[in-house]
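The values are calculated or read from the model by the stated rules, or taken from the named source; none is laboratory data. All of these numbers come straight from a predicted model, not from anything done at the bench. Here Cβ is always computed from backbone atoms with ideal geometry, including for glycine, and neighbour counts include all displayed protein chains. Heavy atoms of the whole protein, side chains included, go into the accessibility calculation; ligands, DNA and RNA do not. Shrake-Rupley method; radii C 1.70, N 1.55, O 1.52, S 1.80 Å.
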Amino acid sequence: MSYQYPKAYSYPPFFTKQPNPQTWQSQLQLWKDFIIDWSKFHRAYRLNPTSDIDLFHNQTIDRRLSPQVIDEILKYMTDNGSGEFDSKEFVIYWKSPEEWAESLYKWIESTGQISRVLTFKELKNAPDFNDIDQFVLRKAIQVLSKRGKAQIMKVDNVEAGVKFF
Amino acid sequence: MSRLGLASFDKSAKDAKQFSDLSSSLNQSRFKELANQLEVFQAALLQFATEHRDEIRNSPEFRSKFINMCHTIGVDPLATSANTNQGGSFWASLLGRDINDYYFQLAVKVVEACRATKDKNGGLMSMSDIITYLGNSNITESDIKNAIDSLHPLGGFDIIEFGSKRKKMVRSVPMQLSNDQSTLLGICQNIGYLSKTIISDNLQWNNLRISSALEDLVSSGLVWIDLQATEPRYYLPMLF
């Protein structure tokens, strides 16, 4: 099944920043929803803002977002917790770290692995985790360790695995 | 007769009690009076409204004056349930319950549709977009018109038409469209978008007039601008 682009994607002004501030706010919101939806469909965890991808470039109508506008949109998404930069790349939270943490912990509980130490590789056995991005996985573990439900174990100062409580 | 000795102390205490009794009974009667007055007033208002039922129903001017009067004296006719045997609101009982309830409800939905899309279309939404938004194909444009009419006493919503197609638009924010703006929006509906070339080909306007009308439309959010064509193009907002 191919991706069903939203109607806005074929609306030429969607690719130009609107001067009216209220219109711009709702345009930002539309872009955020679109980016999340698109990434979720493609299971894309990372975007390179400078690369030429269909997401920001509709070749059919020959319209694209300028790098400045892309920056503004990604900044907006960062501010509202829908993603963040990992050096040059933008990591998209089509599931928030909290949601990832929730389903990871559920899996740990239901498979009786509490108080066991699991390697990072083993964690990818959790349902929906097989292709998870390392950065996102760490964020999810951070969420759990803040709640006192997980701890990263080190061997010779190298992170070896995670223990769950 | 003044009392002497210890008995005079008794008297002053008795006096104080009498005074406080008197004041509370005065308060009570004043309260009763006020409640009475209110009752009488409510009855009079109802009487008035019933007597002038047809005028309230049929004459928008009379209706809005009546509503204004109600507001001035702090009565909300939409909320007042004066007619208990019908169980409906004062207003609904006046105007016939069933049919108006339908329009009131539709009006609420129309208001919601306009509010939800306001930031995207600058507060001007075509009737066909409203029907699409509501997702109910049983609703006709004339239903929407009736619903908007039922909001008229409250102000703030009305219907405007422009362009050769006389497309009906619902306006939900207070604004005054200039003639130039309406003309441009009309052309935009016919062609799909606007540009300076299109405008000057169709209308004998000078450059300044064109730019200022376009700028107004953009800054009030009524059209979206596309800067990636050979010259700027202006589009009507779409229902995203």
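Here the label points at A:Ser2 and B:Asn36, each 7 Å from Cα along the C-beta direction, are separated by 8.4 nm in the simple model. For segment A:97-164, what does the alpha-carbon gyration tensor say about shape, rounded, prolate or oblate, given a ≥ b ≥ c as the root eigenvalues, a/c under 1.5 as rounded, and a/b over b/c as prolate? Rounded, because the longest to shortest axis ratio a/c is under 1.5. Per residue of peptide B:114-127, the mean number of Cβ atoms on other chains within 10 Å of the residue Cβ is 2.
So, with a 1.4 angstrom probe, what is the percent of accessible area on the protein assembly as shown that is carbon and sulfur? Its accessible area is 52 percent carbon and sulfur atoms. Which value, in Å² and to the nearest 10, is the accessible area of B:Arg166 when all protein chains are kept and the probe is 1.4 Å? Number for this one is 130 Å².
Using the Cβ-Cβ distance between B:Ser12 and B:Thr72 with R0 = 51 Å, the FRET efficiency computed as 1/(1 + (r/R0)^6) comes to roughly 0.55.
Net charge near B:Asn202, counting Lys/Arg +1 and Asp/Glu -1 over other residues with Cβ under 14 Å of its Cβ? Every neighbour counted, the sum reads 0. A probe of 1.4 angstrom, applied to the heavy atoms of all protein chains, finds A:Asp71 with accessible area near 90 square angstrom. The packing ranking of peptides A:74-81, A:89-96, highest mean first, is A:89-96, A:74-81, where packing means the average number of other beta carbon atoms within 10 angstrom of each residue.
Protein heavy-atom accessible surface, 1.4 Å probe, per residue over the protein assembly as shown: 57 Å². Could you compute the net charge surrounding B:Met125? Neighbours are other residues with a C-beta less than 13 Å from the C-beta of B:Met125; K and R count +1, D and E count -1. So the surrounding residues net to +2. Each label point was placed 7 Å from the Cα along the Cα-to-Cβ direction; for A:Lys75 and B:Glu215 their separation is 2.6 nm. Using 0.36 nm per residue and subtracting the Cα-Cα separation, the extra length available between B:Ala43 and B:Arg115 on full extension is 22.2 nm.
Among the listed pairs A:Lys75/A:Lys163; A:Lys32/A:Lys121; A:Lys32/A:Lys88; B:Lys120/B:Lys167; A:Lys17/B:Lys118; B:Lys65/B:Lys118, which are separated by more than 27 Å between their Cα atoms? Beyond 27 Å: A:Lys75/A:Lys163; A:Lys32/A:Lys121; B:Lys65/B:Lys118. Using a simple spin-label model with pseudo-atoms 7 Å out from Cα toward Cβ, B:His152 and B:Ile191 lie 3.6 nm apart.
Using alpha carbon centroids, what distance separates segment B:170-204 and segment A:75-108, in Å? When both Cα centres are located, 44 Å separates them.
Averaged over peptide B:226-238, the number of partner chain Cβ atoms lying within 10 Å of each residue's Cβ comes to 4. Here A:Val158 sits with roughly 90 square angstrom of accessible surface, probe radius 1.4 Å. Looking at the square roots a ≥ b ≥ c of the eigenvalues of the Cα gyration tensor of the protein assembly as shown, which shape do they give, rounded for a/c under 1.5, prolate if a/b is larger than b/c, or oblate? Taking the square roots of the gyration eigenvalues as a ≥ b ≥ c, the protein assembly as shown is oblate. Converting phi to 3J(HN,Hα) with the Karplus coefficients 6.51, -1.76 and 1.60 and the offset θ = phi - 60°, segment A:148-163 yields x, 10, 8, 9, 7, 9, 10, 10, 6, 6, 10, 5, 9, x, 10, 9 Hz in sequence order, with x at every glycine or proline.
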